[in-house]
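Asks: Here it is, the structure, as structure tokens.
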Amino acid sequence: MNLLTGLLIVFLAAIVVAGTSISWTWLIGTGWEPAPNPVVIKMLSLAGVREDDIVYDLGSGDGRVLVKAVRDFGAKAVGIEADPIRWFLTWLNIRRARIGAAKVIWGNFFKTNLSEASVVVIFLSRGTNRRLRSKFLRELSPGTRIVSYFWPIDGWESQQTDPQSKIYIYRVPDSRTSDLLNK
Ligand SMILES: C[S@@+](CC[C@H](N)C(=O)[O-])C[C@H]1O[C@@H](n2cnc3c(N)ncnc32)[C@H](O)[C@@H]1O
């Protein structure tokens, strides 16, 4: 094998690894696509994020939501990311931004307890939002804000929407008095 063939193999392997990394999480949630930066700012503004908030980003991608929540809104932020390459990107971007109030967990958000969140950010898929509803009702305190980009949460009434930016804001109802658990 000459040098050119070796380089070609490394290059093709890198493409396969990167492509797989973007898409395999469809199996457990959704694939990777970053929310546009202006949308991230709008989501956090509409959710009224403040210094005393703990913002969870379910599927943190490159970490942009965490960095903005801490740097621009003064909140604490936690990302959960299943894909090792995206997890590393989030970790790297948190380090580069020098923000101690953000951390990222490598794992599946369906298996991670969300109860300390006061704001949950999601940019996932319609089906994944639907699957998350009962977890939200079980684990999140009533009043916790959920901000979804692009997809609504079917069956839940949003408190506020920005149709142009496709942002939906919800407040977790009291699961003891809500019939949403049965939907
Ligand atoms: C559409 S991207 C959104 C990224 C980021 N939140 C943003 O708004 O830019 C969805 C991310 O969720 C991750 N993901 C999908 N299912 C997951 C799961 N069950 N647990 C953890 N991460 C997941 C994907 O790897 C991907 O990085």
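Asks: Compute the accessible area per residue over the chain, keeping the other protein chains in place, probe 1.4 Å, unit Å². Please report the intermediate quantities before stating the final value.
Replies: Working: 9800 Å² over 183 residues.
Spelled out: the 1.4 Å probe surface of the chain, per residue, equals 54 Å².
Asks: Got a sec? What order do Met43, Met1 fall in by accessible area at 1.4 Å, biggest, i.e. largest, first? Intermediate values should be presented prior to the final figure.
Replies: On the way: Met43 5, Met1 180 Å².
Descending accessible area places them as Met1, Met43.
Asks: Is it possible to state the helix-based mean residue ellipticity at 222 nm for the chain, with each DSSP H run of 4+ residues giving -39500 (n - 2.57), the sum divided by total residues, to the nearest 500 deg cm²/dmol? What is it? The partial results should precede the final answer.
Replies: Numbers: 5 runs with 67 residues, N = 183.
It comes out at -11500 deg cm²/dmol, rounded to the nearest 500.
Asks: For the pair Thr112 and Ile28, how long in nm is the line joining their label points, each one 7 Å along Cα→Cβ?
Replies: Between Thr112 and Ile28, the label points sit 1.0 nm apart.
Asks: Count the lysine pairs in the chain whose Cα atoms sit under 20 Å apart, keeping only pairs 8 or more residues apart in sequence or on different chains.
Replies: So the count works out to 10.
Asks: Additional query: Leu7 to Gln164: extension gain in nm, 0.36 nm per residue of separation minus the Cα-Cα distance? Walk me through the intermediate numbers first.
Replies: Values: separation 157, 0.36 × 157 = 56.52 nm, distance 4.56 nm.
The span from Leu7 to Gln164 would gain 52.0 nm if fully extended.
Asks: Placing +1 at every Lys and Arg Cβ and -1 at every Asp and Glu Cβ, with all other atoms neutral, what dipole size does the chain have around its Cα centre, in debye to the nearest 20?
Replies: For this selection, approximately 100 debye.
Asks: Rank Asn37, Val55, Gly155 by how far each Cα sits towards the positive end of the charge dipole of the chain (+1 on Lys, Arg Cβ; -1 on Asp, Glu Cβ) and give me just the farthest.
Replies: Looking along the dipole axis, the top candidate is Val55.
Asks: For an R0 of 30 angstrom, estimate the FRET efficiency from the Cβ-Cβ distance between Asp52 and Ala14 and round to the nearest 0.05. List each step's numbers first, then the result.
Replies: Working: r = 43 Å, r/R0 = 1.43.
Given R0 = 30 Å and the Cβ-Cβ separation, E is 0.10.
Asks: Once you treat every alpha carbon in the chain as an equal point and sum by Debye, what is log10 I(q)/I(0) at q = 0.08, 0.09, 0.10, 0.19 Å⁻¹?
Replies: Cα-only, vacuum Debye calculation for the chain: -0.27, -0.34, -0.41, -1.29.
Asks: Quick check: at a probe of 1.4 Å, how many percent of the accessible area of the chain sits on carbon and sulfur atoms?
Replies: Values: 5700 of 9800 Å².
That fraction is 58 percent.
Asks: Please sort through the DSSP H helices of the chain and keep those with an alpha-carbon extent of at least 15 Å along the long axis and a Kyte-Doolittle average not below 1.6. Mind showing how you got there, number by number?
Replies: On the way: long enough: 3-23 (30 Å, 2.36); 84-97 (20 Å, 0.01); 126-139 (20 Å, -1.78).
Helices passing the filter in the chain: 3-23.
The values are calculated or read from the model by the stated rules, or taken from the named source; none is laboratory data. Small disclaimer: the values here were computed from a predicted structure and weren't measured. Methodologically, a virtual Cβ is constructed for each residue, glycine included, from the backbone with ideal geometry; neighbour enumeration extends over all protein chains shown. Each accessible area value is taken on the protein alone, full model and side chains, heavy atoms only, with ligands, DNA and RNA left out. Shrake-Rupley method; radii C 1.70, N 1.55, O 1.52, S 1.80 Å.
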